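What follows is one structure encoded as structure tokens, with my remarks underneath.
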Amino acid sequence: PSAASAGQRAKMPEHIVVRCFSCKTHQAVAQNKKGKFACRLCGENQSVQHIIARGTPGKELRLIVQDLNYTKGKEAEAAEALRFQMEAAVEPLPLPAPEESRPPELPVEGPGPGPGGGKWAQFVAAAPAV
């Protein structure tokens with residue numbers, strides 16, 4: 001291998017740690033000239049807005065991504081627990097008694113199911129059985 005062939009050898013692609021705008025998950029992706037990537041979880045295509053870390057692919061970037069996603073998960077759990085506590089602290093309103101919940105019955109005026117049964121009875125009687 002000459003010096004010229006060593007210079008032409010492809011460099012290992014640099015990887016960056018980014019966060020998906022949709023699912024908020026951090027991930028390490030290969031940096032490209034377009035500055036775009038597709039999320040591995042939700043599949044959203046997006047452009048790189050902020051680079052959190054950069055380096056060669058491997059253990060150090062994986063550890064950064066794991067730490068960021070673990071922290072995000074713990075924050076989400078804490079927020080969910082707080083929301084649950086807030087809902088439990090709010091006392092439910094007493095339900096109205098069954099008599100209070102029914103509206104007063106109004107007298108029906110006009111044609112109804114009287115001796116002739118009204119128009120609805122005629123419709124039901126004329127409908128063929130299925």
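The values are calculated or read from the model by the stated rules, or taken from the named source; none is laboratory data. What you see is a predicted model; the values in this text were computed from it and never measured. So basically every Cβ, Gly included, is an ideal-geometry build from the backbone, and we count neighbours across all protein chains shown.
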Check off (1) at pLDDT 90 or above; (2) part of a helix (DSSP H, G or I); (3) of a type in the set (A, V, I, L, M, F, W, C) for Phe84 and give me the number that stays unchecked. (1)
Within the stretch 23-58, considering residues that are at negative phi, charged (D, E, K, R) and not in a strand (DSSP E or B), the one surrounded by the fewest Cβ atoms within 10 Å (Cβ to Cβ): Lys33
